[in-house]
């Protein structure tokens, strides 16, 4: 259970190092939104962009840091889980919550890794004279994340089958 937390802390530290390196290099107005072709179609202030970056990372890291602390205090009625009445009752509750903690932690790791890489690509694009994301990298990352999310969901559903 601690490995996802360590990875998230490492990624947060990496994002800080990334920001310390790129902040002085970037222009005051940065490309913050890119179209399907990878060209800039929206801008923001450099400071605003970095604030959004770290707020996004803080929210994403909550999957790994806060959810495990919150799950055990939530009433069964607010946890959306297949056959939750069975899986969150009696002796099964602790084991089910432990699985959810680990499972959501890994989702947080994957999401945070995706964000750190995508923001890195935007920093590089903003330093490029043509202001363009290098394709196909964002699409490959997006496809990998979609495949991971599908796998993650299948594992979740299979872990909580209909009781006999």
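For the stretch 27-43, the criterion of being in a helix (DSSP H, G or I), touching a residue at least 60 places away in the same chain (Cβ under 8 Å) and on the phi < 0 side of the Ramachandran plot is met by no residue. Evaluating residue 74 against the criteria (1) within 23 Å of residue 139 (Cα to Cα); (2) not in a helix (DSSP H, G or I) leaves one unmet condition, (1). Just wondering, is there one or more residues in the stretch 124-131 that are in a helix (DSSP H, G or I) and in contact with a helix residue (DSSP H, G or I) (Cβ under 7 Å, 6 or more places away or on another chain)? There is no residue in the stretch 124-131 that is in a helix (DSSP H, G or I) and in contact with a helix residue (DSSP H, G or I) (Cβ under 7 Å, 6 or more places away or on another chain).
Could you check, for the stretch 145-153, whether at least one of its residues is exposed (fewer than 11 other Cβ atoms within 10 Å of the Cβ) and in a loop (DSSP other than H, G, I, E, B)? Among the residues of the stretch 145-153, not one is exposed (fewer than 11 other Cβ atoms within 10 Å of the Cβ) and in a loop (DSSP other than H, G, I, E, B), which makes the answer no. Take the conditions touching a helix residue (DSSP H, G or I) at 6+ places or on another chain (Cβ under 7 Å), part of a helix (DSSP H, G or I) and either touching a residue at least 24 places away in the same chain (Cβ under 8 Å) or over 30 Å from residue 162 (Cβ atoms) (or both) and apply them to residue 60. Does it pass? When the stated conditions are applied, residue 60 passes them. So is residue 17 loosely packed, with under 11 Cβ neighbours inside 10 Å and over 21 Å from the mean Cα position of the chain (by Cα) or not? The answer is no for residue 17. Filtering the stretch 24-41 to residues that are within 22 Å of the chain's Cα centre (by Cα) and surrounded by fewer than 16 Cβ atoms within 10 Å (Cβ to Cβ) leaves 33, 35, 36.
What do you reckon, is residue 70 within 27 Å of residue 53 (Cβ to Cβ) and free of Cβ contacts under 8 Å to residues at least 24 places away in the same chain? Criteria met by residue 70.
Laboratory data are not the source of any read-out in this text; all were calculated from the coordinates shown. Just so it is clear, the model here is predicted, and its values are computed rather than measured. Glycine gets a Cβ as well: all are built from the backbone with ideal geometry, and neighbour counts include every protein chain shown.
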